[in-house]
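Let me begin by presenting the structure, written as structure tokens, before commenting on it.
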Ligand SMILES: Nc1ncnc2c1ncn2[C@@H]1O[C@H](COP(=O)(O)OP(=O)(O)OP(=O)(O)O)[C@@H](O)[C@H]1O
Ligand SMILES: Nc1ncnc2c1ncn2[C@@H]1O[C@H](COP(=O)(O)OP(=O)(O)OP(=O)(O)O)[C@@H](O)[C@H]1O
Ligand SMILES: O[C@@H]1[C@@H](O)[C@@H](O)CO[C@H]1O
Ligand SMILES: [Mg+2]
Ligand SMILES: [Mg+2]
């Protein structure tokens, strides 16, 4: 197989970090290459260099044997390289069709004038390829997260039209927000792409990587540390390479009984909670209990979470925490009552990008940075550094802007925000492990369990059914804004995903 | 690790690459550099410009603008804008002149408090009704103007008792106008309070990303209302400075200070989109704008060319002062 | 504030000695802007005077911005004030006191025009040589009377007021009210402000024309700019010639309009003369030709002569020119028609 | 393989995504109708056809200026250059068509040149924005000052009055009861809407307000579009300046006074977001009518001139508040 793309000795420094430290990588034609590595290993940086968004400090990129300097996305596209970014990148107020053809409208725009019908057709063609039934003329911001992801993939596939050469298509964590049906469609598409293109695929779900890829290259600390043949490797092999030692197998699989034996005291009681997208929700969470909520798109579970945090209006219902009635009118009251919330859309809602790790971490809990009403920089530094260490957050410094961290590390900071005060009672976690590597996930799981042990109640909207089953003590099934069933999930007597799916339909 | 998470392990803290680089330090001095450059240019054109008397006059002249800009900077940092400051300052001059005979020494605090309250009302309208601050304060601007016209009976109100504001016309150590010193103190006090308390990070978070701030439990609404309140109070104080110079209140006295005040904020390098910036930058910005407003004609630039130069120089000044690494997209 | 002192400098304060060498005198004229004909002509008049005595005039404009005016004056007074003569159009009444005090302290000869607080008098100061204005009540009444005559003493009129918080606007409107009291057949249907602006007058007049329709027989405008805007509105409504229009200022366009019959009357105010004579008075005081202490009380603050201009006498005013004789030290008060009331 | 939690096919249960207009666009028109009806009830003069005509004629210039500013606001930028740009074009056109100051008689070509001058000033704001990376707030403020400077230079102390029959007739002659200026404004709104809906420039302006960085990631070089939008806006202001000159029969340096804030207000009242990405020319047209109906109505019902500004401000705030009511969300960002 001839080589489509080769990277030699790529180096990229950021203030305080060597994101890439002499990476070598070979992408062959007609293969799906997996790229694995912990959060912050340099995957996204490497891939961005391949589409001209990151200017490497040293090293070479060869496309079909020819050394190239990629200056921009257009430049890369002309060389047949295209990418779906880890963070969504669609224009929300344009139609899906426009997003799909954006920047290379071809016959969709003639002499600066839009041909809406042609554009719709072009977009439809792309969407058909991936079997999506999204309305091409729908405004993108009216689509769900997953639908938008499909639009992104439909968009990157346009590269076929752009370059005469077999394209290289890069997918940076495309599955982290997809449903399994959509993932299957995507994988079918990836396999189809292999017929005429090369694909670079990144995911933190290692089984997934091994499933769809032919070969997997592993990055660690900005260096290539080897590769495996996907057909013969198991996730543990990858994981070992990623962390450089024998990794603990501690996944979300419930290991030992964690709960104290005495009956758990009820902490959160929700009665008849109704809002725009949910109604008559009853929910109990006891101290030290993790309750998972599962449901399909539009089940309203996210809005219930937000409502409990005072971030979504409610029309009826009563909520008590520790027997005290909760004020649901604003997030301040929720925080004061000891509730913490980790939103799914980290980039927009979870963190304040330009602010430092330290400030993001201590935004909420004044105890963590103040003596009296005054900020004590020393105290803040102490607390923050302690948590950086505690959660193994990879950051050059507590003063680094959080937007410079890798996704997984950003998530840890967001989570830490609720812990630094030491007064957390109830955690509402919306896809808390989205985009996290295995290690980080285990960290988050361990953290959740430890918090549970200290009596913190948790509501978890999990990334996958397995995660929900593994972590939760009880699972609530929601559909159409209502709670339909509750499935017990005690350690030692866990249901299977299949059992759950049965309950859900 | 099996220690309960709530327990707190000890970790050594090291200084490191989080500290600002030389370049970052330089960009934060840009407003001062712009100021010095402008002063130098004016001096080259007219060497008489750089005298102690002249600088003292410029300092005194700039005081109300500094105070106005400082207050409004808080609103801008939160991501909003306050278009009412000038009209509110005009109204405050009228209040001061009208109330002085009855309230005496209490007039100053009373005017500042009332102006602050008017600011607060706008802030509350903004956060409760969810109307863009641009519109709320534009409405505020016309309402304050109307009230000022009516209560003043559409004319200046003389201040007979000049002693009430004469302290602002004095000089500290013979050279520094008290009004200027007060302006500096206001900037310093607000800046210090922000810095010493969580307010700074709340304001910054609100300005950069309101939704993330809110979901982090930051008191976004309170912070905004607070910013409008301080902005209003600063308009009140600026009004008193104007009265101390004009010996009267007038319903349109400060109206023309709106654009210079906002220009001062932007020239200082504070991002009009919120988040990034500081009061010190606005202080430097206000001085730059003052020098341009009074300096160009004084050194003999003819009126039409003065406008053209003013336009070109403020743009150039912002090109110099804005730290683009802190502002993601320039709109 | 124990460390505070009264002033940053020690200059000024002494008596207006007036011993300047004519060539040392610095002349400064300040108006709102150079983008309207009246004020541009004012500064040109100042230039003409300066040239006649071999000097140049420093031209300052402040965009109708009170604070900018104060800032400029303060800055200028912090510079070289030796033998400085200032002829200034304060933006509003309340802008005059600080200018006067600044000039007094710096020892600069000051002439102000149009606006000053009623209770403030040049006679109480050493360097504030004179204040010149036109009698707004009188001019407002004069054009009111002319309007009454034009509509045959009978019918409705509308009034366009100036910037509400200026003395000029209020005095002129007071004059109209006097005229209304005398011409009882004339009724005021509506009064609105158009802020001395031509564009605003156009819109307001259009609206009032639809509101009152044919009841409107005349339009009283507090200045010519607004009168000209009203004329445009009439033209656009197809009613030109049917409604009488009066204004104040005698700007060239208004004179043309009077000539061609579309406008009824205006009142002269002579920009070039104002620009020249203000500097001349200060200049004469600076070089000692005039002793400030000995100026008649009634010349320290006076109304300047003004004329009602109608079709009959408009020809005399169409080409206003400065007459150097007006600016000779003996003649500078020739147009004074009485002290401010 | 892991099984994502949302593992069941009920996607069809989702409401269909919205494609066209929705309730949240209905606020401003409703406000317009309500305000109109209130005045109509309060004043018999207000509800005459003559007065409606008058309102439309009075709205013409603001409508054209607002058309221009809408594109800028859609990008999330701001434009304060209208006063200077309009002043420059007003003086320029007055000096280029038949007038009392010189022998020029360029007619329509003069109009075109004035608009080009204005477009050039707009272009200058845009260039400073993309090349110097200075926020539009400042570049347009600067461009306005430069425009006023140029206007003052051209004005040169003597009022230019136009004698050009064509330009004068625009304000006076009528077609179907409305002045030519009003029809010009209608045409501008239409052209503006077509640009916004059917051209790359318009859609990209909209997209820039939505997510500028995404356009760059998609390989679109946004800089030329930004410059083009400011240039287009400048051209609209230029036409506005020409229209003011036609109305007043004279070129005034102050022709554009106050149009910056009133145009922004009109656009926002119409539902255009200052943060960009929402609204449009039709929204703005509704906003312009709201403002003009208010201005006119307050005079018609006889509110004291002292209070008019204040009452208008209050109603604008109330109208916007009412219009945003249906779209209020808890965690909504309002700047
Ligand atoms: N713009 C930037 N400025 C500074 N540092 C950066 C920047 N982008 C990335 N980094 C740093 O470079 C390193 C590699 O980041 P990168 O995003 O490539 O990781 P990743 O492997 O994609 O991680 P994840 O799996 O979490 O997405 C990280 O330490 C990150 O903090
Ligand atoms: N009945 C409805 N009417 C309008 N919008 C709805 C309705 N149901 C759901 N939605 C929209 O879809 C979203 C679905 O709710 P939510 O995201 O809480 O469900 P979810 O199961 O967590 O979805 P996901 O699988 O995408 O995480 C709501 O926020 C809302 O925008
Ligand atoms: O007569 C003029 C008026 O036109 C107006 O400008 C104010 O007062 C005078 O200056
Ligand atoms: Mg990544
Ligand atoms: Mg979800």
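The values are calculated or read from the model by the stated rules, or taken from the named source; none is laboratory data. For clarity, every value in this text was computed on a predicted model and none was experimentally measured. Positions of Cβ are generated from backbone atoms using ideal geometry, with glycine treated the same way; all protein chains shown enter the neighbour counts.
For residue C:117, the test of being within 14 Å of chain B (Cβ to nearest Cβ), surrounded by fewer than 21 Cβ atoms within 10 Å (Cβ to Cβ) and assigned to a loop (DSSP other than H, G, I, E, B) is passed.
Being away from chain A (no Cβ under 14 Å), surrounded by 22 or more Cβ atoms within 10 Å (Cβ to Cβ) and modelled with pLDDT under 95 holds for only one residue in D:31, D:90, D:60, D:82, and it is D:31. In the range A:471-483, the qualifying residues are those that are touching a helix residue (DSSP H, G or I) at 6+ places or on another chain (Cβ under 9 Å) and closer than 19 Å to residue A:426 by Cα, and the one that is nearest to ligand 3 (Cβ to nearest atom) is A:476.
This table checks each residue for (1) within 16 Å of ligand 4 (Cβ to nearest atom); (2) at pLDDT 90 or above; (3) more than 20 Å from residue A:426 (Cβ to Cβ).
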site: A:316; (1), (2), (3): no, yes, yes
site: A:326; (1), (2), (3): no, yes, no
site: A:342; (1), (2), (3): no, yes, no
site: A:368; (1), (2), (3): no, no, no
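Note on the range C:29-57: residues that are in contact (Cβ under 8 Å) with a residue 24 or more places away in the chain, part of a loop (DSSP other than H, G, I, E, B) and at the interface with chain D (Cβ under 10 Å from one of its Cβ atoms) total 3. Scanning the range D:300-312 for residues that are in a helix (DSSP H, G or I) and either within 14 Å of chain B (Cβ to nearest Cβ) or surrounded by fewer than 23 Cβ atoms within 10 Å (Cβ to Cβ) (or both) turns up D:305, D:306, D:307, D:308, D:309, D:310, D:311, D:312. Which residue is nearest to the chain's Cα centre (by Cα), if the candidates are limited to the range C:164-183 and must be under 9 Å from residue B:155 (Cβ atoms) and either within 16 Å of ligand 5 (Cβ to nearest atom) or outside any loop (DSSP other than H, G, I, E, B) (or both)? Ranking the qualifying residues of the range C:164-183, first place goes to C:167. Within the range A:271-282, the set of residues being within 15 Å of ligand 2 (Cβ to nearest atom) and either without any contact (Cβ under 8 Å) to a residue 60 or more places away in the chain or surrounded by 20 or more Cβ atoms within 10 Å (Cβ to Cβ) (or both) comprises A:273, A:274, A:275, A:276, A:278, A:281. Among the residues of the range C:252-285, count how many are within 12 Å of another protein chain (Cβ to nearest Cβ) and assigned to a helix (DSSP H, G or I). Summing the residues that are within 12 Å of another protein chain (Cβ to nearest Cβ) and assigned to a helix (DSSP H, G or I) in the range C:252-285 gives 9. Across the range C:58-83, what is the number of residues that are surrounded by fewer than 24 Cβ atoms within 10 Å (Cβ to Cβ) and more than 9 Å from chain B (Cβ to nearest Cβ)? Selection size over the range C:58-83: 3. Taking first residues from the range A:293-311 that are farther than 18 Å from residue A:335 by Cβ and partners that are at pLDDT below 90 and within 11 Å of ligand 5 (Cβ to nearest atom), the Cβ contacts under 6 Å between residues at least 6 apart in sequence or on separate chains come to A:294/D:5; A:296/D:6; A:297/A:144; A:297/D:6; A:301/A:295. Out of all the residues in the range B:43-52, is one or more closer than 26 Å to residue D:309 by Cα, touching a residue at least 12 places away in the same chain (Cβ under 8 Å) and not in a helix (DSSP H, G or I)? No, the range B:43-52 contains no residue that is closer than 26 Å to residue D:309 by Cα, touching a residue at least 12 places away in the same chain (Cβ under 8 Å) and not in a helix (DSSP H, G or I).
Scanning the range A:331-376 for residues that are within 17 Å of residue B:204 (Cβ to Cβ) and within 16 Å of ligand 2 (Cβ to nearest atom) turns up A:348, A:349, A:350. For the range A:354-374, residues that are surrounded by fewer than 18 Cβ atoms within 10 Å (Cβ to Cβ) and more than 7 Å from chain B (Cβ to nearest Cβ) total 3. Please determine whether any residue of the range A:410-427 is modelled with pLDDT under 85, away from ligand 5 (no atom under 16 Å from the Cβ), surrounded by 24 or more Cβ atoms within 10 Å (Cβ to Cβ) and not assigned by TED's automatic domain parsing to the domain that holds residue A:289. No, the range A:410-427 contains no residue that is modelled with pLDDT under 85, away from ligand 5 (no atom under 16 Å from the Cβ), surrounded by 24 or more Cβ atoms within 10 Å (Cβ to Cβ) and not assigned by TED's automatic domain parsing to the domain that holds residue A:289. One residue stands out among those in the range A:458-487 that are within 17 Å of residue A:287 (Cα to Cα) and more than 23 Å from the chain's Cα centre (by Cα): the one that is nearest to ligand 2 (Cβ to nearest atom), which is A:474. Residue count for the range D:127-171 under the criterion of being in a loop (DSSP other than H, G, I, E, B), at negative phi and more than 7 Å from every other protein chain (Cβ to nearest Cβ): the result is 3. The number of residues in the range A:62-80 that are within 14 Å of chain D (Cβ to nearest Cβ) and without any contact (Cβ under 8 Å) to a residue 60 or more places away in the chain comes to 7.
Based on this model, can you work out whether residue A:139 counts as within 12 Å of chain D (Cβ to nearest Cβ), within 16 Å of ligand 2 (Cβ to nearest atom), closer than 22 Å to residue D:220 by Cα and modelled with pLDDT of 90 or more? Criteria met by residue A:139. Select from the range A:432-444 the residues that are crowded, with 22+ Cβ neighbours inside 10 Å and away from ligand 4 (no atom under 16 Å from the Cβ) and write down the one among them that is nearest to the other protein chains (Cβ to nearest Cβ). The residue in question is A:443. The condition (being facing chain D (nearest Cβ under 10 Å) and more than 16 Å from ligand 5 (Cβ to nearest atom)) is satisfied by just one residue among A:155, A:181: A:155.
Table: residues versus (1) more than 14 Å from every other protein chain (Cβ to nearest Cβ); (2) over 21 Å from residue A:237 (Cβ atoms); (3) touching a strand residue (DSSP E or B) at 6+ places or on another chain (Cβ under 9 Å); (4) away from ligand 5 (no atom under 16 Å from the Cβ).
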site: A:14; (1), (2), (3), (4): no, yes, no, yes
site: A:18; (1), (2), (3), (4): no, yes, yes, yes
site: A:21; (1), (2), (3), (4): yes, yes, yes, yes
site: A:26; (1), (2), (3), (4): yes, no, yes, yes
site: A:38; (1), (2), (3), (4): yes, no, yes, yes
site: A:43; (1), (2), (3), (4): yes, no, yes, yes
site: A:49; (1), (2), (3), (4): yes, yes, yes, yes
site: A:53; (1), (2), (3), (4): no, yes, yes, yes
site: A:56; (1), (2), (3), (4): yes, yes, yes, yes
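In summary, helices (runs of 4 or more DSSP H) completely within the range B:147-251 and bearing 3 or more residues that are crowded, with 21+ Cβ neighbours inside 10 Å, more than 14 Å from chain A (Cβ to nearest Cβ) and in contact with a helix residue (DSSP H, G or I) (Cβ under 7 Å, 6 or more places away or on another chain) occur at B:178-196, B:220-246.
Under the condition of being more than 10 Å from chain D (Cβ to nearest Cβ) and surrounded by fewer than 20 Cβ atoms within 10 Å (Cβ to Cβ), the residues counted in the range A:88-109 number 2.
Of the strands (runs of 3 or more DSSP E) entirely within the range A:1-85, those holding at least 2 residues that are under 21 Å from residue A:407 (Cβ atoms) occupy A:3-14, A:17-28, A:32-36, A:81-84.
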